Amino acid sequence: MSLKKLYTLVFLKNNGEVLLGLKKRGFGVNKWNGFGGKVEINESIIEAAVRELKEESCMLVQPSDLRNVGHLEFTFEGDRLMMDVRVFTASTFEGLATETEEMIPKWYKFQDIPYDKMWLDDKYWFQYMLNDKFFYATFHYQGFDKILEHRIEELESMESFYNNRK
């Protein structure tokens, strides 16, 4: 039996650029990524996404502006944990991206994304997210530097995906 933990990942996009953060500590340290983290008890997925974005970048987004574009599932060889990650984008936001204790934010042009300094799986699914396509992907890692298996599919919508999983 595996353990499942729910996470969020938020990407702000603006005029062909995406906001990424360099992780300064913890899981994923020294990697560029979106902003997100664990969904807390008694917190909705949307509330967690808004909270994590604000905590890690000082950027504000209205829940209604978040768009769920992807669903990622990560497993790791020899580990019972399955990371269930909901991917969101937004293009309406407030504030100035500011360094926090956890992340150093930086805007990247879509063509300049530093894939060599990110998780290995990002190169597989990022184009779906950047192009506002709905997707579902699974990745099975050995350690943190080798993908043993992966699968990715474009979806018609996230609603139909979640309805079909019930």
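So here's what we get for this one:
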{"read-out": "Computed label-point distance, nm, for sites Lys109 and Ser2 using a 7 Å Cα→Cβ extension", "value": "3.9"}
{"read-out": "Kirkwood hydrodynamic radius (C-alpha pairs) into Stokes-Einstein, the stretch 101-166, 37 °C and 0.692 mPa s, D in µm²/s", "value": "235"}
{"read-out": "Computed [θ] at 222 nm, helices only, for the chain once each DSSP H run of length n ≥ 4 contributes -39500 (n - 2.57)", "value": "-5500 deg cm²/dmol"}
{"read-out": "Separation of the Asp145 and Asp84 label points, Cα + 7 Å toward Cβ, nm", "value": "3.2"}
{"read-out": "Longest segment of the chain lacking GluC sites (Glu not before Pro) that sit in a DSSP loop with at most 16 other Cβ atoms within 10 Å", "value": "102-155"}
{"read-out": "Chymotrypsin sites (Phe, Trp or Tyr not before Pro) lying in DSSP loop within the stretch 25-109, provided at most 12 other Cβ fall within 10 Å", "value": "Phe27"}
{"read-out": "Per-residue SASA entry for Leu148, accessible area with 1.4 Å probe, Å² rounded to 10", "value": "70"}
{"read-out": "Net dipole in debye of the stretch 11-166 [+1 Lys, Arg Cβ; -1 Asp, Glu Cβ; about Cα centre; nearest 20]", "value": "160"}
{"read-out": "Three-way shape label, the stretch 1-67, alpha-carbon gyration tensor, a/c 1.5", "value": "oblate"}
{"read-out": "Residue among Leu3, Gly78, His150 farthest towards the positive dipole end of the chain, charges placed on Cβ", "value": "Gly78"}
{"read-out": "Val85 accessible area, 1.4 Å probe, all protein chains in place, Å² to nearest 10", "value": "10"}
{"read-out": "Cα centroid separation, the stretch 121-166 to the stretch 1-54 (Å)", "value": "16"}
{"read-out": "Point-charge dipole on Cβ atoms (K/R +1, D/E -1) for the stretch 93-135, about Cα centre, debye to 20", "value": "260"}
{"read-out": "Where Arg51, Arg86, Arg67, Arg165 fall by accessible area, highest first, once all protein chains stay in place (1.4 Å)", "value": "Arg165, Arg67, Arg51, Arg86"}
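The values are calculated or read from the model by the stated rules, or taken from the named source; none is laboratory data. Remember, it's a predicted structure, so these values are computed and weren't measured experimentally. Methodologically, a virtual Cβ is constructed for each residue, glycine included, from the backbone with ideal geometry; neighbour enumeration extends over all protein chains shown. Surface areas here come from the heavy atoms of the whole protein model, side chains and all, with no ligands, DNA or RNA. Shrake-Rupley method; radii C 1.70, N 1.55, O 1.52, S 1.80 Å.
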